[in-house]
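Have a look at this one.
The values are calculated or read from the model by the stated rules, or taken from the named source; none is laboratory data. Please read all numbers here as calculations on a predicted model, not as lab measurements. Here the Cβ is made from the backbone with ideal geometry for all residues, glycine too, and neighbour counts use every protein chain on show.
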């Protein structure tokens, strides 16, 4: 099975009894082809706790009223993981382990009239090659999960469920714990080197594609360009086994950003400012018997709160006067497998976004200050590959001006890995 899917299954949700350790294996001459992936779908029912005045939180993840002004919404959708079809080929040539991975992520629901047409273009999250040897490590070139915060999402139990953002009918995916416990690592073009496993210790360093033309939160369209240089991301980790097994890790990301307050590109705009985005995280996962505990923390500046680098500036946008916003957060999570094989879990997560230097509460207005989440979940292995999932999520979003929005959601569905 694709390494990222294996990590998601093994590290986040499935009990040992239900883990699938390989996809569909096909020998093909010098190559071995692994066809793998998942299909999942959930019925999601959401109740917004507050509508009207004082409930607007720009960047908040709690669900507000729908287009008809109603506080209840319903969706049939994938969860945090999209439906997934991946192809991985591996071979050994000239004393090198060589592989490729290409994957596709179609949708399971559509929100257009009578379901005619696909409003959400299918995703293509992976296209990369690797080569290396266990004696010196491996090199990856192409598009794959980002390194910073990658372990945070892979250890999130809502990876097999819904988490936040479940009220969007026909959406490609929900948010899980993104924005309420960690920042989205995204799927990044990268050239990465990973050391060999040295008695449980391993490290990765990479240059990543400089993202272009993002739009920051706050009501003004503008260009945020990491065009000065490649991004840099890295991670160190240590795994151990025994009666008390576990993993500890730390990762970071570093980008240079140019900002155009008038929405133009290039040097001809009405002024341009720049600053560094720097963020790091620390995490630990401890397993003993049927108990699995995760604790995670991140801290950064100019890194946004939900999507990496999005909404990271203050509201006082002016030529040559861009101020980044500091951010931090994390989550704690505990799961336990009961005698039926069902994994029960509870998690709390929060993402905080401070005001920029010199920015008053009035200037920050309804820009996000905090997204907070409580999750209770049950994940039952109906077969070796098929899991039934039930989740309750409470999301609370607060703005710097005191605006507040909260929502509760219940989701029921299933996810099949192969």
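Among the residues of region 338-366, write down those that are modelled with pLDDT under 95 and touching a helix residue (DSSP H, G or I) at 6+ places or on another chain (Cβ under 6 Å).
Across region 338-366, the qualifying residue is only 355.
Within the bounds of region 151-169, is there any residue that is touching a residue at least 24 places away in the same chain (Cβ under 8 Å), more than 19 Å from residue 392 (Cα to Cα) and surrounded by 24 or more Cβ atoms within 10 Å (Cβ to Cβ)?
For region 151-169, residues touching a residue at least 24 places away in the same chain (Cβ under 8 Å), more than 19 Å from residue 392 (Cα to Cα) and surrounded by 24 or more Cβ atoms within 10 Å (Cβ to Cβ): present.
Let me ask something additional. Considering each residue of region 355-409, count those that are under 21 Å from the mean Cα position of the chain (by Cα) and not in a strand (DSSP E or B), and give that number.
Total satisfying the criteria: 0.
In this structure, does residue 229 turn out to be under 28 Å from residue 139 (Cβ atoms), outside any strand (DSSP E or B) and at pLDDT below 95?
yes
Which residue out of 85, 80 is within 30 Å of residue 386 (Cα to Cα), under 20 Å from the mean Cα position of the chain (by Cα), in a loop (DSSP other than H, G, I, E, B) and at pLDDT 90 or above? Full working, then the answer.
Numbers: 85 fails: in a loop (DSSP other than H, G, I, E, B).
On inspection, the qualifying residue turns out to be 80.
Still on this structure, please answer the following. Of all the strands (runs of 3 or more DSSP E) wholly in region 115-226, which have at least 3 residues that are farther than 18 Å from residue 305 by Cβ and at pLDDT 95 or above?
123-133, 137-145, 187-194, 201-208
Let me ask something else. Kindly evaluate residue 289 against the criterion of being at pLDDT 80 or above and on the phi > 0 side of the Ramachandran plot.
Considered against the rule, which asks whether it is at pLDDT 80 or above and on the phi > 0 side of the Ramachandran plot, residue 289 comes out as yes.
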